Each structure stands twice: as C-alpha cells, then as structure tokens.
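Everything on this sheet refers to the single structure shown next.
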Amino acid sequence: MRLLKTAIKRVLYRFGYQILPVATWATTKKVVEDGNYRLVSWKKTDGEYDLAGYRREQEKGNRAKISQVWTSEPNLKFICQWLQDRGLAPKFILCHGTRNGFEQRVFSAAFQCEVIGTEISPTASQFPMTVQWDFHEVNPEWETRADIVYSNSLDHAYDPAKALRAWARSIRDGGVMILEKASDSDPRGTSDLDPFGITLPNLLVLLLETLGDVACIRAALEVPHPRAGATYHRMIVIGIDRRALRQ
C-alpha cells in the first residue's frame, strides 16, 4: 500500500499536482472563494475586521508552533547569494512573520547588517532581532528604509493586499521584496490560522495588481531544497522603485 501511494504521488507530481492533507487547523469562518484564491474571512457582520479575534488565533498558532521553522537555512543562503551576486549590499532588512527569529539570524550572518523581524504574538520579546508587530500595518520608522523585505507568511494575512502594500512602503527605491512560496499555501491549505491560499501564477498577478507601477517581478527562483512533497517551491523577487512615478 505504501509503494502504491508513493507511485500515485509521483504520477500526480509529473502533471503538476500534489496530494495535500486537509488543514489541521480548523476553519470556522466564512470562506471567500473564486478561481484565483481562497480567503477565510475575519470580517464581522458589520463589515469591520475582527482584529482581536484574528490576533488571538495567530498567537495561539504561534505558541503551538514556536519551535517550528517553515523555511530552511540552505534556501535563505541561496537567496542571499543570489542578491549578493547582483550587487545588493543591504544596510537594513525586514522579515515578517518570523515566529522564533530563525530568518533574522540567517540574514544577519549573511549580510552583517541591521535585521528586524516582526511577529504578531507577544512571544516576539523572547527572541533577538524580533519585535511584536502586525505586518498589515505600516511602521513610520521603517518607511522607505529597507533594502530587503522577506516573508514566507503571506498565507497568514487576513488582507493580503493590505499586507503587500505595507511591506512595499517599507522598501527604498531600488530595494526588493522576497516572498518564499510553496504549494502547501495553495488554496486547499487555508484555515483560520492560515487564511489566505493562492496558486503561484495567481500570486504573481496579485502582486502586479496590488503594487502597480512601483513593482516589477525580477525572478521566481526554484529553491535548492524544496519542501517535502511540494510541486513547486520558489523565491519570488519583486523590485520596488517609485522614481519613474515622480518624473
């Protein structure tokens, strides 16, 4: 039976499909769906977002997974080297949704610069280079300062377009946003904890629609160590530049 399951997975993989377990985190909210994405709605009956409820859910998930790391050191080192090979020498890096500070440690070692990670849970205070912050919100102290903004946590966004706009506002002209994306955050993987699911092609469209003329997609790089069972696992590199709009 095990060999049969493995064979089926391999055949599906060849055709671009992946067998994903149903999300282990519950979905108790209304789900908004179309052909491009799936979003668990954190809106109340009055149309306003239930931010307190959303933050409680994220904190619960954070504490349950506090020792887990979704990305890997080889993949982060890979993107660091790719950026260095293209002449990027950052002075300030932001990482969003970092849980236990793993990403900050890798970026700090690679670039020897200031790195700050955000985490919505109060557990942020337990980890170096980490501050408690809701990544949907713009922090005036970071505005147009970051050379790099990195995240693998867009699937945790209750409003992904708002989060992307906030991240872009933190990036200086000529800087980049790096989104690490694999097939486990496709639409089927959504839950109250991971409200947003989207396929890779539709994410690229969302990026261009949301960020408009200030953004260009520079690359969608295959990582050297994809997640087990993933049909794809990419580092999406988005260049940010507002200078043309000011001419």
Conditions (1) at pLDDT 95 or above; (2) more than 20 Å from Leu83 (Cβ to Cβ); number of the one not met by Ala215: (2)
Filter pass, Lys60 being assigned to a helix (DSSP H, G or I), within 14 Å of Tyr150 (Cβ to Cβ), open to solvent by 60 Å² or more (accessible area, probe 1.4 Å) and among the charged types (D, E, K, R): no
Any hit, the stretch 209-225, residues being assigned to a helix (DSSP H, G or I) and open to solvent by less than 20 Å² (accessible area, probe 1.4 Å): yes
Residues satisfying the stated conditions in the stretch 116-130, i.e. polar (S, T, N, Q) and without any contact (Cβ under 8 Å) to a residue 60 or more places away in the chain: Thr118, Ser125, Gln126, Thr130
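For Thr231, state whether it is open to solvent by 50 Å² or more (accessible area, probe 1.4 Å), not aromatic (Phe, Trp, Tyr) and not in a helix (DSSP H, G or I).
When the stated conditions are applied, Thr231 does not pass them.
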Matching residues in the stretch 178-191 - criterion: being more than 13 Å from the chain's Cα centre (by Cα) and either surrounded by 23 or more Cβ atoms within 10 Å (Cβ to Cβ) or assigned to a loop (DSSP other than H, G, I, E, B) (or both): Thr190, Ser191
Residue within the stretch 192-202 that is open to solvent by 30 Å² or more (accessible area, probe 1.4 Å), part of a strand (DSSP E or B) and touching a helix residue (DSSP H, G or I) at 6+ places or on another chain (Cβ under 7 Å) present: no
Conditions (1) open to solvent by 30 Å² or more (accessible area, probe 1.4 Å); (2) part of a strand (DSSP E or B); number of the one not met by Gly239: (1)
Selection count where residues are at pLDDT below 95 and hydrophobic (A, V, I, L, M, F, W, C), scope the stretch 218-229: 1
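The values are calculated or read from the model by the stated rules, or taken from the named source; none is laboratory data. Keep in mind the model is a prediction, meaning the values are calculated, not measured. Because the Cβ atoms are built from the backbone with ideal geometry, glycine has one as well, and the counts that use them run over all protein chains shown. Areas reflect the complete protein model, heavy atoms only, side chains present, ligands, DNA and RNA absent. Shrake-Rupley method; radii C 1.70, N 1.55, O 1.52, S 1.80 Å.
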